[in-house]
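The values are calculated or read from the model by the stated rules, or taken from the named source; none is laboratory data. All figures in this text were calculated on a predicted structure; none of them were measured in a lab. Note that we place each Cβ from the backbone using ideal geometry, even for glycine, and neighbour counts take in every protein chain shown. To get the accessible areas, we keep the full protein, side chains included, count just its heavy atoms, and leave off ligands, DNA and RNA. Shrake-Rupley method; radii C 1.70, N 1.55, O 1.52, S 1.80 Å.
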Amino acid sequence: MTSPLAQSITFSRSGKVAPNAFLKSAMTERLCTFSKEDLNERGKPTTEYDHLYKVWGEGEIGTIILGNIPIDRTALEAAGNAIIDRRSSWDPVEAFKPVVAASKAHGSLVIGQLTHGGRQCPFDVNDHPVSSGDVRCPDMMGMHFGQPRPATLEEIDELVEAWAYGAEVLYKAGADGAQAHAAHGYLLSQFLSARVNTRTDDYGGSLDNRRRLVFRVIEAIKKRVPKDFIIGIKMNSADFSEGGLTPDEAKTVAVLLEEAGVDLIELSGGTYESMSFEHKKESTKKREGYFVEFSEAIKSALKGTARVCVTGGFRSKEAMEGALLSGATDMVGLARPLCGEPYLCRDLLSGKVNAAKENKVPAAVQTGTAIAQLSAIAHNKPIPDLSDESQTNDLVAAITGKKDESKPVDGHEDRSYVSTEKQE
Ligand SMILES: Cc1cc2nc3c(=O)[nH]c(=O)nc-3n(C[C@H](O)[C@H](O)[C@H](O)COP(=O)(O)O)c2cc1C
């Protein structure tokens, strides 16, 4: 029997076809230019950024999502992000063409993830960010966040325009689609969340109001790009924090997004306040995917025109195939495993391996080690092998600053893709 992972995926609105069911989920690369003072010197793709995607492009990954690309050069997830901001003096279409071409060179589809940090923008990048309200993100993981202010209605209009502009740039640069990042507590997720969104106008209060910005962004993108361009979203299946987006709300939003013509719904979970990139329940441990149960419930409520991808936790071919065969998802999203093994999808498809290598790094530090690995690929250096304890200990010590290996790693330096350092 052919593996369901090898089956092509047709996106029904755009008609685009991915060669297989693997999706490389967005991962911040922090490989682009950054200057604290000169905003024009922020976010330009570099040869290292392009090289990283050249390697991933060789790996038979059906769909490649570029790591988060802020649509506002003052609202980064971290220094070194790639940025599409129409105020920048350089030509973003030309600047993004190489990374798109490198990703697509062997038949993968490529989608850019467009984001805005909102209140999760690190203090040293923006000390007074806009958000859906004025609830400050608590300091955590060695990070400090500024006091946010609610975006004005004029700023909301500008944000919608900026997202549409970002999609248009990606289209002109040759990408197959754009994904709005509405997960993990970034700006669109801040609007969706009743915990953070304290507005009393048309953008706050009821779910219909909290989802308004997301839907305006989708509609604006639809108007700006041709029909054969994939419009995707990454959203939480739940925020997993009190008062945050609930599983029922997520399901309602997903159903309406499909009705609105979204082609790809990628499901994840958590925010900086409640990162969920590790197992919380025994039942999901067996199925590996952290959010498969949520995905099952959401997908069964959809009509089937949007492709669903659940991301998080998959490591073995058996679990990936199981998720596809059970109908919980159409696609399998992978992130951390592709940093250590950029050719993992190819090797799983050919039968060379049956699972990703074991990662011996404590969960709390795995984002930092993943960034170190992707940086090694980008710089054409040997990739640290995290199944090898001696390499793991050295890398963890370098990232956490803890030289004494007998001390437990508490993860304060890194729980998500949030440590602000730009990779060299
Ligand atoms: C280094 C790193 C960077 C990440 N950056 C992003 C990002 O830019 N956008 C995003 O939506 N998710 C980001 N994530 C989350 C991943 O896309 C994915 O949802 C999560 O790691 C769970 O998948 P995994 O278990 O296969 O790693 C990042 C994760 C890692 C490890």
Where does the chain land at 222 nm, in deg cm²/dmol rounded to the nearest 500, when only DSSP H runs of n ≥ 4 count, each adding -39500 (n - 2.57), divided by all residues? -10000 deg cm²/dmol
Which of the trypsin sites (Lys or Arg not before Pro) found in the range 14-68 are in a DSSP loop and have at most 14 neighbouring Cβ atoms, other than their own, within 10 Å? Lys36
Quick check: residue separation of Ser35 and Ser206 times 0.36 nm, minus the Cα distance between them. What number comes out in nm? 57.6 nm
Please give the net charge around Ala356, taking every other residue with its beta carbon less than 9 angstrom from that of Ala356, where Lys and Arg add +1 and Asp and Glu add -1. +1
Carbon + sulfur, % of accessible area of the range 1-112 - ligands and nucleic acids excluded, 1.4 Å: 51
Under 1.5 on a/c is rounded, so check that first for the chain, then, if it is not, pick prolate when a/b is larger than b/c and oblate when it is not; a ≥ b ≥ c are the square roots of the alpha carbon gyration tensor eigenvalues. rounded
Accessible surface, the range 115-176, averaged per residue in Å² (probe 1.4 Å): 36
Å² per residue, accessible surface of the range 185-256 at 1.4 Å: 37
Counting only C-alpha contacts under 8 Å and six or more residues apart, can you give the relative contact order of the chain as a whole percent? 17
Could you list the trypsin sites (Lys or Arg not before Pro) in the range 203-276 that lie in coil according to DSSP, counting only those with at most 13 other Cβ atoms within 10 Å of their Cβ? Lys227
Give me the percent of accessible area attributable to carbon and sulfur for the range 278-324, probe 1.4 angstrom. 51
Can you list residues whose amide H is under 5 Å from Ser131's amide H, if they're 5+ apart or on another chain and H is modeled 1.01 Å from N? Arg149, Ala151
Show me the GluC sites (Glu not before Pro) within the range 1-56 that DSSP assigns to loop and that have at most 14 other Cβ atoms within 10 Å of their Cβ. Glu37
If you take every residue apart from Ser108 with its C-beta less than 12 Å away from the C-beta of Ser108, what net charge results, scoring Lys and Arg +1 and Asp and Glu -1? +2
Formal net charge of residues neighbouring Ala306 (Cβ-Cβ distance under 12 Å; K, R +1; D, E -1): -1
Ordering 163-170, 147-154 by per-residue average of other C-beta atoms within 10 angstrom, highest first, gives 163-170, 147-154
On average, how much accessible surface per residue is there in the range 345-387, in Å², for a 1.4 Å probe, leaving out ligands, DNA and RNA? 43
Tell me whether the range 191-291 comes out rounded, prolate or oblate; compute the Cα gyration tensor, take square roots of the eigenvalues as a ≥ b ≥ c, and use a/c under 1.5 as the rounded threshold. oblate
